[in-house]
Amino acid sequence: MSAELTFVAPRRAKPSRHLADLSMAERRTAVAELGEKPFRAEQLSRHYFERLTTDPQAMTDLPAASRDQLVKHLMPDLLTSVREITCDGGMTRKTLWRLFDGALVESVLMRYPDRVTMCVSSQAGCGMNCPFCATGQAGLTRNMSTAEIVEQVVAGARALARDEVPGGPGRVSNIVFMGMGEPLANYKAVLGAVRRITDPAPEGLGISARGVTVSTVGLVPAIEKLANEGLPVTLAVSLHAPDDELRDTLVPVNTRWKVREVLDAAWNYAATTKRRVSIEYALIKDINDHEWRADLLGRLLKSKLVHVNLIPLNPTPGSKWTASRPEDERAFVRRLESHGVAVTVRDTRGREIDGACGQLAAATPEA
Ligand code: SAH
């Protein structure tokens, strides 16, 4: 007894294993190792991915004596909500999560009339060091596991299903890997998460792969690998500059893979997957918003299967940079359009709750 009370668990290097980390075959093996019939894996999976519950009491199709241990070993809580902030009348909701080792990540749920988009994190922090991004300033803490990534989506799906988001019960339709982290630097876990998100129940959440966007600074070998996974997810490339000289400073990984190489990988992705690639471009006043740069970008993107998302820069605390003037933004759009390139200026939901691009977790004193 006293030994038990004074026992201090050693620090785990990794988050606990969770069924969302595993394929159905692996779940069956894991269940069998716990002394249960393999088909219990399907039942457990339905509870998690369909009914969105981890409450043993609710699992009435499982023997009462087995529920607690199955849940303990295969559905441990991986995320603890630290803070939740809403705006837009509750339609935008940001959650700050603490992971088992104290690392903090955030997810944002955005409800629109016709869809619900969740912006999820794939790493605690980020190692890409882009100077305009709050996450980039703090550096990389660690990769997230597949289940830690999936749990953010399940939490959002649960809130919607339980009518906790204004607008009536709903479902998550879109996932964007635009929270903290560089998804392609955590390739294996992110790919596992994409599979769990898109696999039909009981294997996964059954969200259409067409609604999933993986956003990257442009890690060329990983883009090439992703193209061959047979997953019709949208690729978004954070370009932010059409010329290497400027991009070397805004997206430092450009010193390794140049604009030309990144775009070639993107066109190969579009050709292989038949999916239109998104180009992300944060408009920064007097830095990358010149008409000549719009022209250069237009020439690079002309006649390609591409769509440009212009994001007014969301200034990070202490940043010397700010969003472009409205007239410069309009001129940039016109120049791109003159090359026949499809452009939208992205909605900046969640700004007032630090939920907008690149702001995640930066404003948290515990961080
Ligand atoms: N690492 C990935 C995904 C994370 S961020 C990537 O770079 O694509 C998602 C998008 O938000 C990226 O295009 C990123 O460049 C952009 N972003 C980051 N900080 C921003 C800021 N302060 N204002 C506007 N966009 C920002």
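The values are calculated or read from the model by the stated rules, or taken from the named source; none is laboratory data. Because the structure is predicted, anything quoted here is derived from the model rather than measured. Heads up, the Cβs are rebuilt from the backbone with ideal geometry, glycines too, and the neighbour counts pull from every protein chain shown.
Among what's in the stretch 243-276 and is charged (D, E, K, R) and part of a helix (DSSP H, G or I), pick the residue that is farthest from Leu226 (Cα to Cα). Across the stretch 243-276, the extreme among qualifying residues is Glu245. Taking every residue in the stretch 136-164 that is in contact (Cβ under 8 Å) with a residue 60 or more places away in the chain and pairing it with any residue that is part of a helix (DSSP H, G or I) and within 16 Å of the ligand (Cβ to nearest atom), at least 6 positions away or on another chain, the pairs with Cβ-Cβ distances below 6 Å are Ser145/Ala189; Thr146/Ala189; Thr146/Ala193; Val150/Ala193.
Only one entry in Leu109, Leu96, Leu79, Leu70 is within 17 Å of Asp21 (Cβ to Cβ) and in contact (Cβ under 8 Å) with a residue 40 or more places away in the chain, namely Leu79.
Looking only at the stretch 224-239, residues that are more than 15 Å from Ser122 (Cβ to Cβ) and within 13 Å of the ligand (Cβ to nearest atom) come to 3 in all.
Yes or no, residue by residue, for (1) within 16 Å of the ligand (Cβ to nearest atom); (2) surrounded by 17 or more Cβ atoms within 10 Å (Cβ to Cβ); (3) part of a strand (DSSP E or B):
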{"position": "Lys320", "(1), (2), (3)": "yes, no, no"}
{"position": "Glu327", "(1), (2), (3)": "no, no, no"}
{"position": "Ala331", "(1), (2), (3)": "no, no, no"}
{"position": "Arg335", "(1), (2), (3)": "no, yes, no"}
{"position": "Thr344", "(1), (2), (3)": "yes, no, yes"}
{"position": "Asp347", "(1), (2), (3)": "yes, no, no"}
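For (1) assigned by TED's automatic domain parsing to the domain that holds Val176; (2) under 26 Å from Ser208 (Cα atoms); (3) at pLDDT below 95, each residue gets a yes or a no:
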residue: Thr273; (1), (2), (3): yes, yes, no
residue: Leu283; (1), (2), (3): yes, no, no
residue: Arg299; (1), (2), (3): yes, no, no
residue: Leu305; (1), (2), (3): yes, yes, no
residue: Ser319; (1), (2), (3): yes, no, yes
residue: Ser324; (1), (2), (3): yes, no, no
residue: Arg330; (1), (2), (3): yes, no, no
residue: Arg335; (1), (2), (3): yes, no, no
residue: Arg349; (1), (2), (3): yes, yes, yes
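Selection within the stretch 111-146: residues that are within 26 Å of Val172 (Cβ to Cβ), of a type in the set (A, V, I, L, M) and more than 11 Å from the ligand (Cβ to nearest atom). The member of this set that is surrounded by the fewest Cβ atoms within 10 Å (Cβ to Cβ) is Val116. The number of residues in the stretch 177-197 that are within 13 Å of the ligand (Cβ to nearest atom) and touching a residue at least 60 places away in the same chain (Cβ under 8 Å) comes to 9.
Is the stretch 173-183 home to any residue that is under 19 Å from Leu104 (Cα atoms) and surrounded by fewer than 22 Cβ atoms within 10 Å (Cβ to Cβ)? Explain how you work it out, then say what you get.
Initial filter on the stretch 173-183 (under 19 Å from Leu104 (Cα atoms)): 176-183.
Filter again for surrounded by fewer than 22 Cβ atoms within 10 Å (Cβ to Cβ), leaving 176.
Checked the stretch 173-183: at least one residue is under 19 Å from Leu104 (Cα atoms) and surrounded by fewer than 22 Cβ atoms within 10 Å (Cβ to Cβ).
Per the listing Asp61, Asp68, Asp88, Asp101, the residue uniquely more than 18 Å from the chain's Cα centre (by Cα) and under 22 Å from Pro183 (Cβ atoms) is Asp101.
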